[in-house]
Amino acid sequence: MKLRNVFLSFTLPLVLISCPADKDSDNQKQQQGPTTPIERERLNVDYTAPNAPRRHNRQRYDLRLPDAGEGPFPLVMYVHGGGFTGGEWRLSSNTNGVIQLARSRGYAVASIGYLLASNSQKAFPELVADVLAAIRHLRANAVEYRLDSGRFAITGFSAGGYLTAIVCAVSGTEDHGYDVTSLGNVGVSHKVQAAASSAALTDFRQLNDQQKQLGGFWMMSDHFNNGGNLSQFFGGGAVTEAAYGAALTKSNPLTHITVNTPPIYMLHGTSDNLVPYLQSKIMVDKINEVVPGKAVLNQVAGRGHEDFPAVANATTIAILDFLDQSLACPAPYRS
């Protein structure tokens, strides 16, 4: 079967299609009542249970609703980059073009914090459990927050692109092995219905070979050595098959792909000299091998290691169009 990659670097018509909630099909409004005040911004929300065995000060999210409308609103979540060792989770620091355009088209937006790695603190698999817990918390509070719990999308860049990819993949299966109980909201779904990434990592095992194949990478194998980013990510020492084989398999989104994996749009530049564009390509190819046409690769010539465009443009419009379609958003309307 010839695998299909879709290249969308051409200019698209600037047509805005809002993705509001379906006013006729939900019963959330009936529970809220028409006079319930709408809190359009919730900042620094702790998404863990008070008695959770593992708590830290980055288990937080910011949430902002559209400026108008009563909801319930579909949700776009953003996960920041930073090489698994840094980055800012607050929404005020992550107002890229996807987030801006999403709000203008009727989406609520959220920015999620997660555990970072350091020489004294491994991140995997805890950072994945953190993001899954944030999704459960948002869904558990969907009625109060005016969110459409059946229309959640996750987006992210670089390390956040990896988290977007793994959350997307495990959303299609129950047998993924990640902790979905200890941080709270047990039994609430952590699944997303769509995803979009920029410069995502996927299969760490292939990273060095892909870098050597394409050339021009400043990191090469450094991130696998003791003290490198992925060494810290997994817990220290050199990242080898003998030491981390099981973790490498579990951490790989391709391991978890099934026919139920939700649609994903993966943006990646051919001139990315940190994360090879082949990292996105292999995930898109794998998903489309299982369900042809379900994943999209926007492989942009000359683009480097970059987040989503800073402003709304043809690329962000294409991403929001993809999310609208994947989430089966109702017909356009403004309330």
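The values are calculated or read from the model by the stated rules, or taken from the named source; none is laboratory data. Owing to the predicted nature of the structure, the values given are computational and were not obtained by experimental measurement. Virtual Cβ from ideal backbone geometry, glycine too; neighbours counted across all protein chains shown.
Worth a mention:
- Any chance SER92 is out of contact with any Ser or Thr (no Cβ under 7 Å at 6 or more places or on another chain) and modelled with pLDDT under 95: no
- Within the option set THR258, THR249, being assigned to a helix (DSSP H, G or I) and at negative phi holds for one residue only, THR249.
- If only residues of the range 288-302 that are under 23 Å from HIS80 (Cα atoms) and touching a residue at least 60 places away in the same chain (Cβ under 8 Å) are counted, the one that is surrounded by the most Cβ atoms within 10 Å (Cβ to Cβ) is LEU297.
- The listed residue being closer than 15 Å to LEU201 by Cβ and β-branched (Val, Ile, Thr), out of VAL311, VAL291, VAL296, VAL284: VAL284
- ALA169 falls short of the stated requirement of being hydrophobic (A, V, I, L, M, F, W, C), outside any loop (DSSP other than H, G, I, E, B) and either out of contact with any His (no Cβ under 8 Å at 6 or more places or on another chain) or surrounded by fewer than 23 Cβ atoms within 10 Å (Cβ to Cβ) (or both).
- Checking each residue in the range 117-136 for being of a type outside the set (A, V, I, L, M, F, W, C) and assigned to a helix (DSSP H, G or I) picks out GLU126, ASP130, ARG136.
- Of the listed requirements (1) at pLDDT 95 or above; (2) under 25 Å from LYS250 (Cα atoms); (3) buried (at least 18 other Cβ atoms within 10 Å of the Cβ); (4) not basic (Lys, Arg), HIS56 misses just one: (3).
- Selection status of VAL275, aliphatic (A, V, I, L, M), touching a Ser or Thr at 6+ places or on another chain (Cβ under 8 Å) and either surrounded by 23 or more Cβ atoms within 10 Å (Cβ to Cβ) or assigned to a loop (DSSP other than H, G, I, E, B) (or both): yes
- Check on GLY83, in a loop (DSSP other than H, G, I, E, B), modelled with pLDDT under 95 and either small (Gly, Ala, Ser) or touching a strand residue (DSSP E or B) at 6+ places or on another chain (Cβ under 9 Å) (or both): yes
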